[in-house]
Amino acid sequence: MSWLAQHAELIVCILGCMLVTAVPRMGPVMYLRADSLPPALRHWLSFVPVSVMAALLGQDIFFYNGAFSLSWTNLYLVAAVPSLLVAWRTRSFFGTIAVAMGCVAAGRALGVWQ
Amino acid sequence: MSCPAETGNDAQTASASLFWEGARRALPIVLGYVPVAFAFGVLAVKSHIPPSLAIAMSMLIFAGSGQFVLAGLWGAGAGALSVIVAVFVVNLRHLLMSAAIAPHLAPLPRWQRALFGFEMTDETFGVHITAFQHGWKLAATTLFTCNVTAQLSWIGGTALGAFFGGLITDVKPLGLDYALTAMFLALVVPQCSSRLHLLTGIFAAVLSLGFKMAGMGQWNVVAATIVAATAGTALFLRRARREGRDITSGGAA
């Protein structure tokens, strides 16, 4: 059996996934005209960035090692506190990232968290 | 053309700084993508996906969570159609991001908007929309330097993981598993430009967590985004109406 025939279903699957990923990403940015949108929808879109970023963060920082955790044993959650403070006080993009990654690396180096 | 050498140098300096701005914007994304893509390459090979097709996925799909869903389900023996449906759902949030960034990219020719859309991820969306909100004047060089660098690091990380998966077993000591979360922590704070935006963000985080724990599977992020943005807009419009403000111009920034 040729390589292509052997992997035919996977190749079809990958192409299908490409299609369903690319179309939602490309469609609006290519064809949406902002000036033709009703005002309520434009306001709605202005709330999308904060909502989607917070929604992604919520599932990232409250899960640690694959399980929901709302305690100090959750290093991702603990590290988020000083990071958010630094982001709020300094508005420094790279400073915040350095503090956040530093907290996680230090927490593990100290052996307090795994 | 009175002084070609000098204007040439100026133009070169300007385009070089646009390039470096794009590279700077890509830096934290690259830090996060390489280890995650590496892990994806490892998982793909474990899921009976040949390295060449794992790399093809990173070139053609370029979606972190989507590719993990694909490899995971494929490894578990799922059929092509159910994998495609799952990947569609997990990437549906990009429809909303693409719509939100569309007005800022309107000056670009359509083929460039197509390329932008093809390479748009949570992370590239995050850095560019935040730059626009802070008055960044659109520069295609910066935009595409950032996005292409990000995707190249994703493809490179995938190749390393697929071919040399045994080499590195743990990126945890460096805190690299937190790089992308760290970036979103830095990006989400300037998003909270008003009390209403802050409340909307907290609501979205709680909802996405609640939906995930309620067993909504891959729908949680897109559903939380829609509900929270709708609630934020409703409150904004109600307040504007009460104060008799005109809502037809601009966004609720």
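General observations
- Whole-Hz ³J(HN,Hα) from phi, Karplus 6.51 cos²θ - 1.76 cosθ + 1.60, for the stretch B:116-126, glycine and proline x: 4, x, 4, 9, 7, 10, 3, 6, 5, 4, x
- Candidates B:ILE129, B:ILE226, B:ILE55: whichever shows maximal mean-square fluctuation once chain B is modelled as a Gaussian network with Cα springs under 10 Å: B:ILE226
- If a spin label sat at a point 7 angstrom from the Cα of B:GLN112 along the line to its beta carbon, the backbone N atoms of the stretch B:18-57 nearer than 20 Å would be those of B:18-26.
- For chain B, the 222 nm mean residue ellipticity estimated from helices alone, with every DSSP H stretch of n ≥ 4 adding -39500 (n - 2.57) and the total spread over all residues, rounds to -25500 deg cm²/dmol.
- Normalising the Debye intensity of the stretch B:58-160 to I(0), with uniform scatterers on Cα atoms only, and taking log10 at q = 0.17, 0.22 Å⁻¹ returns -0.83, -1.19.
- Between B:LEU138 and A:LEU110, the modelled labels are 4.7 nm apart [label points 7 Å from Cα along Cα→Cβ].
- Were the residues from B:THR230 through B:HIS48 laid out at 0.36 nm apart, the gain over their Cα-Cα distance would be 61.3 nm.
- Under 28 Å of direct C-alpha separation, and excluding same-chain neighbours fewer than eight residues apart, B:LYS172 reaches these lysines: B:LYS46, B:LYS212.
- 3J(HN,Hα) from dihedral phi, the stretch A:31-41, Karplus parametrisation 6.51/-1.76/1.60, rounded to Hz, x for glycine, proline: 10, 7, 10, 4, 6, 9, 7, x, x, 4, 5
- Other residues within the sphere of radius under 11 Å centred on the Cβ of A:VAL52, judged by their own Cβ, net out at 0 (K and R +1, D and E -1).
- Going from the residue with the fewest nearby Cβ atoms within 10 Å to the one with the most, B:LYS172, B:LYS46 rank B:LYS46, B:LYS172.
- Here the calculated FRET efficiency for B:VAL148 and B:TRP219, from their Cβ-Cβ distance with R0 = 51 Å, stands at 0.95, rounded to the nearest 0.05.
- Burial ordering of B:VAL87, B:VAL188, fewest other beta-carbon atoms within 10 Å first: B:VAL188, B:VAL87
- Put in line by how crowded their Cβ is, counting other Cβ atoms within 10 Å and starting with the fewest, B:CYS146, B:CYS192 read B:CYS192, B:CYS146.
- Over chain B, relative contact order from alpha-carbon pairs under 8 Å, at least 6 apart, %: 29
- For the protein assembly as shown, the orientation-averaged shadow of the C-alpha convex hull comes to 22.4 nm² (one quarter of the hull surface).
- Hull-based mean projected area of the stretch B:6-58, where the convex hull spans the alpha carbons, in square nanometres: 4.8
- Dividing the alpha-carbon radius of gyration of the stretch B:39-86 by the rule-of-thumb value 2.2 N^0.38 Å gives 1.00.
- Only helices enter the 222 nm calculation for chain A: every DSSP H run of n ≥ 4 contributes -39,500 (n - 2.57), and dividing by all residues gives -23500 deg cm²/dmol, rounded to 500.
- 5 angstrom amide H check on A:TYR64, placed H, neighbours 5+ away: A:SER69
Bear in mind these aren't lab numbers, they're just calculated from the coordinates by the rules spelled out. On a predicted model such as this, the values are computed, not experimentally measured, just so you know. Ideal geometry is used to build each Cβ from the backbone, glycine not excepted, and the neighbour counts take in all protein chains shown.
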